[in-house]
């Protein structure tokens, strides 16, 4: 299986290329499969080549679709990367929220951190996408990034007792994101998995 | 690997060649303004006003030029910050001095700061490796404060890298938002963020208030001018 096939998978199901020829699948299912493969491919190509080198041609090739099919799904490359980012961010925050249910205080912070790292460790490409800096000119990606950090900061604010306006938690989450980016690009999943205890100490300490 | 042209071989690694230095500065300024991905060598040439052949005498590619320019400027900036911190006397004063120097740099040269703080991730390769090395280096410098704490009160491992990354993340976010005027507003919270893991909440609060007072003075001086 290629790295692209494992890089992003809603619900844990790796996106696979459909069999060639007549497969009898409804058009909506074909479109959805293509879209998922394209966002997975964008995540994988970004991890390998970075924002400076990624191209529509390479993403489409990795996804096993034509470039004309790419443009049926996305207006341009950045629409595709944004979709990959937003899908990944949604998975991350949903996983953390689910893990935090029924817990409070330090236990809540620890449960959220463990859930986030458990999701990202086997998917270092997704970790790099969510934690790395987008190009300064990619305004929509920065907006999506701010939205993700604000959601994570809000969760941390709750776990830390909800005092103050949340600025401290936003700064802490930004720092944690930078640390994840460093470890994700410097050794992948193993380095991320090792961050659980240090991050629990760094994020919860008042 | 092909051999360097004679002139490029001579100037490789030299920062004192004015043409080479101008090209590197133009590369960073163009990358910060337009985005590294969008920058072509032509736009770098337009900025520094020299001849095309000069670029190729000094650099093999846009990628090489950015990576060398990045390393040169990051090393220079890091040295300035560490020097400012050491001259201040103790860790907390040093941190104030270094952060203010960093904010002044970002305020005065936002396009170069954007290249240093954001576009290295986009360029990847040597620039990204240098960025990571620099965060580790600054993290070690910050962690010198651990020696002043009792062993049982020392902050957790990775605190220095966490704090250094947090500073870079704050500035990167503000610079990406394109609002240098808004840059300074986050200084008090950042001072608290930096101080708290090493010296506790009370000291962090003092630094936050000191930064607020500094900003009030700064605004007053700006209004008086």
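Please treat every number below as a calculation from the coordinates, not as lab data. Computed from a prediction, not measured in an experiment: that's the story for all the values here. Glycine gets a Cβ as well: all are built from the backbone with ideal geometry, and neighbour counts include every protein chain shown.
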Given a Förster radius of 30 Å and the C-beta distance between residue B:129 and residue B:38 as r, what FRET efficiency does 1/(1 + (r/R0)^6) yield to the nearest 0.05? 0.85
What is the helix-to-structure angle for A:105-120, meaning the angle in degrees between its Cα long axis and the longest Cα principal axis of chain A, kept from 0 to 90 and rounded to the nearest 10? 20
Listing B:191, A:155, B:27 by rising number of other beta-carbon atoms within 10 angstrom, fewest first, gives A:155, B:191, B:27
Can you tell me the length gained on complete extension of the stretch residue B:101 to residue B:17, counting 0.36 nm per residue apart and subtracting the Cα distance? 27.6 nm
Multiplying the sequence separation of residue A:97 and residue A:72 by 0.36 nm and subtracting their Cα-Cα distance, what value in nm do you get? 5.6 nm
Using helices alone, what [θ] at 222 nm do you get for chain A, with -39,500 (n - 2.57) per DSSP H run of 4 or more residues, divided over all residues and rounded to the nearest 500? -22500 deg cm²/dmol
Most fluctuating residue given options A:41, A:94, A:138, as computed from a GNM of chain A linking Cα atoms under 10 Å: A:138
Calculated FRET efficiency for the pair residue A:167/residue A:30, C-beta based, R₀ 41 Å, to 0.05: 0.30
Which one of A:45, A:65, A:180 has the biggest mean-square fluctuation once chain A is modelled by GNM with Cα springs under 10 Å? A:65
Among B:19, B:78, B:195: highest mean-square fluctuation, GNM of chain B, C-alpha pairs under 10 Å: B:19
Can you tell me the 0 to 90 degree angle between the C-alpha axis of helix A:167-185 and the longest principal axis of chain A, rounded to 10? 50
Using helices alone, I'd like the mean residue ellipticity at 222 nm for chain B: each DSSP H run of four-plus residues gives -39500 (n - 2.57), total over residue count, nearest 500. -24000 deg cm²/dmol
Can you put A:80, A:100 in order, fewest other beta carbons within 10 Å first? A:100, A:80
How far is helix B:18-34 tilted off the main Cα axis of chain B, in degrees rounded to 10, range 0 to 90? 70
Relative contact order as a percentage, chain A, C-alpha pairs under 8 Å and 6+ apart, gives 20
Going by how many other beta carbons lie within 10 Å of each one, how would you line up A:118, A:55, fewest first? A:55, A:118
